[in-house]
Amino acid sequence: MSNLILITNDDGIDAPGIKELAEAAVNYGEVYVVAPDGQRSAMSHSITCTKPIKVWEYDMQIEGVTAFACTGTPADCVNIGVKQLLPRTPDFVFSGINRGYNISSDVQYSATIGAAFEGRHLGIHSIAFSRGADDCKEVCDKYLVEMMEYCMQNPQGGNQIWSINFPECPLAECKGIKKGTVVFTDGFYDDSYSKESEEAGVKGYRISSKRIWDAPEGTDLGAIIDNYVSVGFVNNVS
């Protein structure tokens, strides 16, 4: 029996990254995509409990891919995909390719990571894929298939997912792959809030973030700073 692969993301089903991931995955089995109908970043592992989740077929125009859009969160997409839409429990859950790194303390907010953990919660080997937020994806293009194969062939422990982050540097500046990186537990961003509006005693604040670009060797953030592909486990704290 060939592999059955479920793919989701948090950038929305129209995002370029999920199409790239699906195009690579079709070489390794039958692919189903169940992804949000729009942006769902920073929703972590949240699920929808108070209203119906709507799902409809979506044409990704990739041969061998069956796709559905969903009004729920990325974790909802995995859950409803496994329990309602797929013909059987998938062998793998792939989440991504996220536009923006999922490293350091940001993993606790990431819905890319949250979706992968939903797969892990359901007993499925799950992998999260992320890259930098700029337009340079040369390193991801070069190493995506290699990293996909490596993580598929090396299942993680019962409470862990694989997390892969591709640096946004040009390919000529990439130093290679760092396997076994650990999540840097200090902050990745220094967040602040500025007042944007005030009317009738109601104040509106908007978050802004400054990237903290410093971490030791051996960590996911350290690898990205040094222009390595970071490949490591993330542990579910639940």
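The values are calculated or read from the model by the stated rules, or taken from the named source; none is laboratory data. Here the structure is a predicted model, which means the values were calculated and not measured. Ideal geometry is used to build each Cβ from the backbone, glycine not excepted, and the neighbour counts take in all protein chains shown.
Just one of the listed residues (GLN84, GLN61) is surrounded by fewer than 19 Cβ atoms within 10 Å (Cβ to Cβ), over 19 Å from the mean Cα position of the chain (by Cα), among the polar types (S, T, N, Q) and at pLDDT 95 or above, and it is GLN84. If you go through the range 192-238 and keep only what is outside any loop (DSSP other than H, G, I, E, B) and hydroxyl-bearing (Ser, Thr, Tyr), you end up with SER192, TYR193, SER194, SER197, TYR205, SER208, SER209, THR219, TYR228, SER230.
With the structure loaded, tell me whether THR89 is of a type in the set (S, T, N, Q), out of contact with any strand residue (DSSP E or B) (no Cβ under 6 Å at 6 or more places or on another chain) and closer than 21 Å to GLY38 by Cα or whether it fails that test.
Working: of a type in the set (S, T, N, Q): yes; out of contact with any strand residue (DSSP E or B) (no Cβ under 6 Å at 6 or more places or on another chain): yes; closer than 21 Å to GLY38 by Cα: no.
Criteria not met by THR89.
Scoring ASP14 on the criteria (1) touching a Cys at 6+ places or on another chain (Cβ under 8 Å); (2) free of Cβ contacts under 8 Å to residues at least 40 places away in the same chain; (3) under 17 Å from ASN98 (Cα atoms) leaves a single failure, condition (1).
Taking the range 138-190 as the range and being in contact with a Leu (Cβ under 8 Å, 6 or more places away or on another chain), within 15 Å of ALA223 (Cα to Cα) and at pLDDT 95 or above as the test, the residues that pass are VAL139, PHE166. Looking at this structure, is VAL26 in contact with a Ser or Thr (Cβ under 7 Å, 6 or more places away or on another chain), aliphatic (A, V, I, L, M) and either under 14 Å from GLY119 (Cβ atoms) or at pLDDT 95 or above (or both)? Considered against the rule, which asks whether it is in contact with a Ser or Thr (Cβ under 7 Å, 6 or more places away or on another chain), aliphatic (A, V, I, L, M) and either under 14 Å from GLY119 (Cβ atoms) or at pLDDT 95 or above (or both), VAL26 comes out as no. Picking from residues in the range 188-238 that are touching a helix residue (DSSP H, G or I) at 6+ places or on another chain (Cβ under 7 Å) and exposed (fewer than 12 other Cβ atoms within 10 Å of the Cβ), the one that is nearest to HIS121 (Cα to Cα) is PRO216. The number of residues in the range 88-143 being touching a Gly at 6+ places or on another chain (Cβ under 7 Å), of a type in the set (A, V, I, L, M) and more than 22 Å from GLU30 (Cβ to Cβ) comes to 1. How many residues, within the range 1-25, are more than 18 Å from HIS125 (Cβ to Cβ), surrounded by 16 or more Cβ atoms within 10 Å (Cβ to Cβ) and of a type outside the set (D, E, K, R)? Within the range 1-25, residues that are more than 18 Å from HIS125 (Cβ to Cβ), surrounded by 16 or more Cβ atoms within 10 Å (Cβ to Cβ) and of a type outside the set (D, E, K, R) number 5.
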